[in-house]
Amino acid sequence: MPVPGGGSGSVSDGRVPVPAVPGSGSGMARSTLSSRFRRLDVERFDGSRFEDEPEEAPPAEPEPGPEAEALLRRGDALRALHAALRSAPRLAASPDTKEQAQGTMLKVLMAFKSSEIEQAVNSLDGNGIDLLMKYIYKGFEKPTENSSAILLQWHEKALAVGGLGAIVRVLTARKTV
């Protein structure tokens, strides 16, 4: 039986008929039958399948400690700090190398007097501040005798120069020291 004003369908089983789309033979839009609109592979954006881009071969890194320790023995703590930051094993795969660099950096930081810390922090560029903050936080993870108090002094001065952005960059960095 035809439905009044209801198009061309019939209502024999109690369903409401849907009017036919003019110009389409089956009632379904033609554009949905095509798969041409699927040009973007959304699976590659899946967070669980994320892979870092391959990096170039890292340059040969110097040993993390000898130059800085030699400068410390001569009493030149500021140059020792710069040497330790310059030779930081950023891409080292060996945990032993990173541990040795952390020990050297802690020795360098503890060699400074409280009054010299601000001058040392001011001598660093933005990347140096970020790297210093990484070592400060790494030192907080494994405290030694009296290291926490000294690291807090360094943290205060580095925060004053680097701002909150330095902390955020350290906490969100994928590469650790």
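Per residue, how much space in cubic angstrom lies within the convex hull of the C-alpha atoms of segment 83-177?
Taking the convex hull of the Cα positions in segment 83-177, it is 90 Å³ per residue.
Say R0 is 22 Å: what FRET efficiency, to the nearest 0.05, do K175 and K142 get from their beta-carbon distance?
0.75
For segment 73-136, go through all pairs of different Cα atoms, get the mean of 1/r, take its inverse, and jot down that Kirkwood value in Å.
Result for segment 73-136 stands at 12.1 Å.
Read the figures in this text as sums done on the coordinates, not as results from a lab. Note that the structure is predicted; figures quoted are calculated from it, not measured. Cβ atoms come from the backbone with ideal geometry, glycine included; neighbour counts cover every protein chain shown.
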